[in-house]
Amino acid sequence: FVEGVDSSKMRGHTNAYEVTAMAQAFLDLGFRVEVCDYDDESYRPPEDCKVAVDLHGNLERWELPQGCKKILHATGAHWLFMNHAELSRLIAVRNRHRIALRPQRQVKPSRGVEVADEVVVLGNEFTRETFLFAGKPVTRIPISSAYEFAWPEGRDFEKAKKKFLWLGSYGMVHKGLDLALDAFAGMPELELTVCGRPEKEADFYRLYEKHLKHTPNIKLHGWLDMGSADFLEIARTHAAVIYPSSAEGGAGSVIHCMHAGMLPVCTTEASIDLGDFGVHVESATIESVQKACRAVAGMSSGEVERLARSAWAHVRRKHTRDKFQENYREFAARITMGILN
């Protein structure tokens, strides 16, 4: 709201555009919109508040007037599922490597879904199902993308099908980088490029420094501007994005890679529609990651190109700024029908 949705800082995540589109949807319906940071505990909604939208724990704290429509905008899976998922992955790392890493993605418990009248999720049926226990209506509004790209022409799919990208923010074990590294350390015939900052998690980096810095078929590229020429070059030379995450609200990094022409290789918990173009990582094991990646590498170059083009076409239909705006306007109009009459 302050810097603008197209500043380089704001282009780093889809939520910068999405929240402004949400506000605009209510403005267009005739509402006055107030905006606060989600962690601003000093904010108090106005006495005439008609709709309150929150992403986690404010609905239960705010004193809202009778009849105010309360919407939980869930950017991830339910907190209990997310916390359990990360801890389960950390236990698996402990069992494989005999070391206990610190959790990075634990979410503060809240009663947001219990208090809400309705829930919005950005991910697919996986994310939606983590909220259904509360018996509230759950609407999917597919996550947008900060960028859209033309199809990368001239890609050598015979080479690219053996190159995979992992791209993510913090919470390396939560997002499955440990599984990817352990899997590719045992697949010297395939290559993995890692875009992120694993060095920011000191215990993880100590454990996986050999994988990241001293394993010939694994390259640590580091942090990456999502719209840079460096990213587009990686997209031109890599056929697939590997993302064996433990819980997502719709993995934006995977959607971004699909916009750049890569096919997704994901766990169910990544909350990505794989359709007839993606490759499913069946379980959170090294063997499952290896099986999925080898399946891609074993396809003909023509088949890999066909799947990648299908993935690219899918996100251009479903995961764009314009589509998010359209979907949210429909949602806002439905839930506010009659409120201002």
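The values are calculated or read from the model by the stated rules, or taken from the named source; none is laboratory data. Just so we're clear, the structure is a prediction, and the values are computed from it rather than from any experiment. Cβ atoms come from the backbone with ideal geometry, glycine included; neighbour counts cover every protein chain shown. In case anyone asks, the SASA skips ligands and DNA or RNA and just uses the protein heavy atoms, side chains included. Shrake-Rupley method; radii C 1.70, N 1.55, O 1.52, S 1.80 Å.
Does the stretch 193-236 come out rounded, prolate or oblate by the C-alpha gyration tensor, with a ≥ b ≥ c the root eigenvalues, rounded set by a/c under 1.5 and, if not, prolate when a/b is larger than b/c and oblate if not?
Working: a/c = 4.63, a/b = 1.69, b/c = 2.75.
Judged from the Cα gyration tensor, the stretch 193-236 comes out oblate (a/c at least 1.5, b/c at or above a/b).
Residues of the stretch 1-149: accessible area per residue at 1.4 Å, in Å²?
So the stretch 1-149 comes to 55 Å² accessible per residue, rounded to a whole number.
Check cross-link reach from LYS162 to the lysines: straight Cα distance under 19 Å, and skip same-chain residues fewer than eight apart.
LYS219, LYS291
With runs of 4+ DSSP H residues as the only contributors, calculate the mean residue ellipticity of the chain at 222 nm using -39,500 (n - 2.57) per run, divided by the residue total and rounded to the nearest 500.
Mean residue ellipticity at 222 nm (helix-derived): -11500 deg cm²/dmol.
Consider all pairwise Cα distances in the stretch 276-341 and report the whole-number % of them above 18 Å.
61
Going by average Cβ neighbours within 10 Å, how do the peptides 215-223, 321-329, 95-103 rank, with the highest at the top? Working shown, then result.
Details: 215-223: 15.1, 321-329: 17.6, 95-103: 12.2.
Result, highest mean Cβ count within 10 Å first: 321-329, 215-223, 95-103.
Which FRET efficiency, nearest 0.05, do ILE99 and ARG236 yield, Cβ-Cβ r, R0 35 Å?
0.40
Under a Cβ-Cβ cut-off of 14 Å, what is the net charge of the residues other than ARG329 that fall near it, where Lys and Arg count +1 and Asp and Glu count -1?
Here the charged neighbours net out to -2.
Taking all protein chains together and a probe of 1.4 Å, list LYS210, LYS175, LYS318 from the most accessible to the least accessible.
LYS210, LYS318, LYS175
Just in the stretch 240-308: which GluC sites (Glu not before Pro) are loop by DSSP and have at most 16 other Cβ atoms within 10 Å?
The qualifying sites are GLU282.
Relative contact order for the stretch 179-292: what percent, with Cα pairs under 8 Å and sequence separation of 6 or more?
24
So what's the projected area for the stretch 218-341, the Cα convex hull averaged over all directions, in nm²?
9.7
Taking the Cβ of GLU118 as the centre, find all other residues whose Cβ is under 11 Å away and add up their charges (Lys, Arg: +1; Asp, Glu: -1).
On the way: positive: LYS69, LYS70, LYS136, ARG334; negative: ASP117.
With Lys, Arg at +1 and Asp, Glu at -1, the net is +3.
What translational diffusion coefficient, to the nearest whole µm²/s, does the chain have by Stokes-Einstein, given a Kirkwood radius computed over alpha-carbon pairs, a temperature of 25 °C and 0.890 mPa s viscosity?
My calculation gives 117 µm²/s for D.
Which net charge results for the neighbourhood of SER42, defined as the other residues with beta-carbon distances under 14 angstrom from its beta-carbon, given Lys and Arg at +1 and Asp and Glu at -1?
Summing Lys/Arg as +1 and Asp/Glu as -1 gives -4.
If you roll a 1.4 angstrom probe over the protein chains with everything in place, what fraction of the accessible area of the stretch 118-167 belongs to carbon and sulfur, to the nearest %?
The nonpolar share, carbon plus sulfur, comes to 50 percent.
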